[in-house]
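The structure under discussion appears below in the form of structure tokens.
The values are calculated or read from the model by the stated rules, or taken from the named source; none is laboratory data. Since we're looking at a predicted model, the values are computed, not measured. As a convention, Cβ positions derive from the backbone with ideal geometry for all residues, glycine included, and neighbour counts pool all protein chains shown. Calculation scope for accessible area: heavy atoms of the full protein, side chains included, ligands and nucleic acids excluded. Shrake-Rupley method; radii C 1.70, N 1.55, O 1.52, S 1.80 Å.
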Amino acid sequence: TASAYHDIGEVYRNLCDYTNALEYNAKALDIRKKLFGEKHVDTAESYNDTGLVYFYQGKYDKASELFQKAKAICEEVVGKNHPIMADSYLNIGMLYMKQEDSSNALEAYSEALKIYGTLGVEDRQTAIAYHGVGSSYFQMGNYSNALDYCSKAVRIYENVSGLSHPETAIIYLGIGYVHNFIGGLSQALEYFTKSLEISEKMLGYEHVNTALSYCALGWLKYKMENNQEEAKIGRASCRERV
């Protein structure tokens, strides 16, 4: 029953219905605490679930409290190399990124990636960890490492979620920005265009992810047009000097 409540809460969270998500998460947590007690991986999972809802609501202090509680339980009950421990690190990494604390975000994402690596499985969670590490490097201005890790995330998402999944579209946006900052404007254009096509098809014209893709493409095309204009001026100046 608790698992069913957990699953329903997750669906509501993915639908951005945070009121109902919190309600079902609370029901799952209440049952798990009564059955298993405070120090159990299922209880930790419920703390993580509830923390994610608060995270998406922008209540970062509350989210941090629950993420840290889940992490402490996991460390004590299953140790530092368990998959659910990696999930805790992922959540904490997301929180640090929102707080613009790139160095701590990098540390948390790297710990998650280390655990997933020991499992020998490349799945969605592994891709999220790669993307998190890449995003952290990007925020720190290390674009070479950012491109390396984001490229790995793209490859896994394409294999696991497919070429038309909304989450793949978000990953395309991320790597598009990296290419833009290292001067790969044509590659950035390719990824931004792919992101927009997926978002329009799968989410519709009025979804926030579609809007993000439009913004990225508009900004990039403006930059490319300015670069062309600057190049024309440069060539004209050279001709005048000759």
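Results, tabulated for the structure shown:
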| quantity | calculated |
| --- | --- |
| Probe 1.4 Å - accessible area at Ser161, Å² to nearest ten | 30 Å² |
| Tilt relative to the chain, helix 124-139 - C-alpha long axis, 0 to 90 degrees, to 10 | 50 degrees |
| Solvent-accessible surface ranking, highest first, for Leu119, Leu95 at 1.4 angstrom | Leu119, Leu95 |
| Furthest towards positive pole of dipole, Ile171, Phe138, Gln57, structure part the chain, Cβ charges | Phe138 |
| Positive minus negative residues near Asn159 (Lys, Arg vs Asp, Glu; Cβ under 14 Å) | -1 |
| Net charge of neighbours whose Cβ lies under 11 Å from the Cβ of Asn81, counting Lys and Arg as +1 and Asp and Glu as -1 | 0 |
| Dipole of the chain [Lys/Arg +1, Asp/Glu -1 at C-beta], most positive-end residue of Tyr214, Gly183, Gln68 | Gly183 |
| DSSP loop trypsin sites (Lys or Arg not before Pro) with at most 16 other Cβ within 10 Å excluded, longest remaining stretch of the chain | 81-242 |
| Environment charge of Glu122, counting only residues whose C-beta is closer than 12 Å and scoring Lys/Arg +1, Asp/Glu -1 | +1 |
| Principal-axis tilt of helix 60-77 within the chain, Cα atoms, nearest 10 degrees | 60 degrees |
| Intensity falloff of the stretch 25-113 expressed as log10 I(q)/I(0), Debye formula with alpha-carbon point scatterers, at q = 0.17, 0.20 Å⁻¹ | -0.64, -0.87 |
| With Cα atoms, 0 to 90° folded angle of helix 208-241 axis to the chain main axis | 30 degrees |
| Nearest-10 value in Å² for the accessible area of Met140, using the 1.4 Å probe | 100 Å² |
| Point-charge dipole on Cβ atoms (K/R +1, D/E -1) for the chain, about Cα centre, debye to 20 | 440 debye |
